[in-house]
Amino acid sequence: MTAPAAPALLDQDGLNALVAALVAQGRTVIGPTVRDGAIVLAELTSADALPYGWGVELDAGRYRLAPREDGAAFAHSAGPQSWKSYLHPSREQLWSADRTPEGPVSFTPQEPEVPSYAFLGVRPCDLRAIAIQDRVLTGGRYADDGYGRRRCKALLIAVECTEPGATCFCVSTGGGPAADPGYDLALTEIVDENGHRFLARVGSDEGAELLDRIPHRTADPVTQGTADAAVDAARDRMGRSLPPVDLHTLMGASLTAERWDDVAARCLTCGNCTMVCPTCFCTTTEEVTDLTGDHTERWQRWDSCFDLDFSRLHGGPVRSSARSRYRQWLTHKLSTWYDQFGTSGCVGCGRCITWCPAGIDITEEVAALDAEQAQHAEHADLGTETD
């Protein structure tokens, strides 16, 4: 990339022009909009569809739309979907096979033309989640070609957070409300007595070319300072946090903890947490045949470690209890993910808390495991002193 351009300012007309320019390029623009009582991700043909004037109220197992008086477009926390739904879709055909009357079977790989996506409104936690999925799905020996094709054509427009939700805890996972590198453009929304505007920073040559096509002006230092202060203030307003301990070590040392029984009594093993998680990547395959038996298709679909069949071997599932399945998910996410991919699998978006029907809170569970470990260590020390 060439030298980064100076931060720019867009007004609402500039944001409209941004979406129009993306559509004119032939891109499929995906962004947040209000639908079915939630702020969801959907195709946008105009910036008018953005959720202007809407925020959200969140808690464990609770999500509600909340009107805002300031008319902000991006003053909401992450919704039920993530960009995983588009880059790593829940169901995808891999190949088909046909048996001819002569006998031979022909196989046809499915490599459909993928959309040229433009993602508008990628939160910093989701930007980090995309980077994690890039590492998982394209960085190993067995790359997911479908993901790779979609990802290489996707343009990312991040929006920094100034309104963290009650279930957000990205700061305690090593992230924060500011956008890390990896975006093409990054926006920070400002609504104050000086108007409604967006500070724009360029992250790639493609982002710079896009910015050149739309009306903007160079950002003044005061506005830059206002945007930076709003993002910095959001760091101190996270609704939740993980305990400041070595999670890799804690989870590995907690395999026999009594807390797993407590959470298992509440967990429905529905898999909602893995479905809404922006980094969970597990899949399975299924064969679909027609009634004649002459045509079959292989499909890849999302799977979950909460599914009994996920660990099924000859004789039955390896993890048959809710305790073992929840422990597998949380331990992999926060500990053994490091062993596989060199990082945590959690970005602190809080979706697993918000969309858990039982209201199970990952931060509460980790804190309870930490407290249990500390209690055992204290008892061990007392036993040593008595000896």
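Some observations on this one:
- Accessible surface of the stretch 137-243, 1.4 Å probe: 47 percent of it comes from carbon and sulfur atoms.
- Put simply, the amide H of residue 95, placed in the peptide plane, has neighbours under 5 Å in 110, 298, leaving out anything fewer than 5 places away on its chain.
- Using the alpha carbons alone, the radius of gyration of the chain stands to its Kirkwood radius in an Rg to Rh ratio of 1.02.
- Karplus-derived 3J(HN,Hα) values for the stretch 21-38, using 6.51 cos²θ - 1.76 cosθ + 1.60 with θ = phi - 60°, are 5, 5, 5, 5, 6, x, 7, 8, 8, 10, x, x, 7, 8, 7, 6, x, 8 Hz; glycine and proline are entered as x.
- Net charge dipole size for the chain [Lys, Arg +1 and Asp, Glu -1 on Cβ; Debye, nearest 20]: 520 debye
- Each distinct pair of alpha carbons in the stretch 264-374 adds a 1/r term; the inverse of their mean, the Kirkwood radius, is 15.8 Å.
- At most 13 other Cβ within 10 Å, DSSP loop - GluC sites (Glu not before Pro), the stretch 248-304: 258
- The residues neighbouring residue 18, those whose beta-carbon lies less than 15 Å from its own, together hold a net charge of -3 under the Lys/Arg +1, Asp/Glu -1 convention.
- With a 1.4 Å probe rolled over the protein heavy atoms of all chains, the accessible area of 303, 98 falls in the order 98, 303, largest first.
- In the context of the full set of protein chains, the chain has a per residue accessible area of 47 Å² (1.4 Å probe).
- The relative contact order of the chain, computed from alpha carbon pairs under 8 Å that lie at least 6 residues apart in sequence, is 21 percent.
- Within the stretch 209-317, trypsin sites (Lys or Arg not before Pro) in DSSP loop having at most 12 other beta-carbon neighbours inside 10 Å: none
- Efficiency of FRET from Cβ geometry, residue 193 and residue 288, R₀ 51 Å, rounded to 0.05: 0.30
- Label point at residue 341 placed 7 Å out along Cα→Cβ; residues across the stretch 261-298 whose backbone nitrogen lies under 11 Å: 278-282
- Take every Cα pair under 8 Å whose residues are at least 6 apart in sequence, average their separation, divide by the length of the stretch 117-243, and the relative contact order is 29 percent.
- Potential lengthening between residue 65 and residue 312 on full extension [0.36 nm per residue; Cα-Cα distance subtracted]: 84.9 nm
- Database remark: amide H of residue 319 closer than 5 angstrom to the amide H of 311 (H placed geometrically; neighbours at sequence offset of 5 or more, or on other chains; Pro and chain starts carry no H).
- Local electrostatic count at residue 130 - Lys and Arg +1, Asp and Glu -1, tallied over other residues with Cβ under 13 Å: +2
- Peptides 21-28, 371-378, 173-180, ordered by how many other C-beta atoms sit within 10 Å of their residues on average, highest first, read 173-180, 21-28, 371-378.
- Computed from backbone phi with θ = phi - 60° and the Karplus coefficients 6.51, -1.76 and 1.60, the 3J(HN,Hα) list for the stretch 130-145 is 5, 4, 5, 5, 4, 5, 6, 9, 10, x, x, 5, 10, 6, 8, 5 Hz; x is used for glycine and proline.
- Summing Lys and Arg as +1 and Asp and Glu as -1 over all other residues whose Cβ lies under 15 Å from the Cβ of residue 153 gives a net charge of -3.
- Karplus-derived 3J(HN,Hα) values for the stretch 304-321, using 6.51 cos²θ - 1.76 cosθ + 1.60 with θ = phi - 60°, are 9, 5, 8, 7, 4, 6, 4, 10, 6, 10, 4, x, x, x, 6, 10, 8, 9 Hz; glycine and proline are entered as x.
- In a DSSP loop and with at most 16 other Cβ atoms within 10 Å, the trypsin sites (Lys or Arg not before Pro) in the stretch 124-168 are 141, 153.
- Here r is the Cβ-Cβ distance between residue 261 and residue 220 and R0 is 45 Å; the resulting FRET efficiency, rounded to 0.05, is 0.20.
- Judged by the gyration tensor of its Cα atoms, with axes a ≥ b ≥ c, the stretch 158-218 is oblate; a/c meets the 1.5 cut and b/c is at least as large as a/b.
- Sequence-distant contacts, meaning Cα pairs under 8 Å at least 6 residues apart, place the relative contact order of the stretch 1-73 at 21 percent.
- Accessible-area value, residue 119, 1.4 Å probe, nucleic acids and ligands omitted, Å²: 0 Å²
The values are calculated or read from the model by the stated rules, or taken from the named source; none is laboratory data. All figures in this text were calculated on a predicted structure; none of them were measured in a lab. Note that each Cβ is placed from the backbone with ideal geometry, even for glycine, and that neighbours are counted across all protein chains shown. Surface areas here come from the heavy atoms of the whole protein model, side chains and all, with no ligands, DNA or RNA. Shrake-Rupley method; radii C 1.70, N 1.55, O 1.52, S 1.80 Å.
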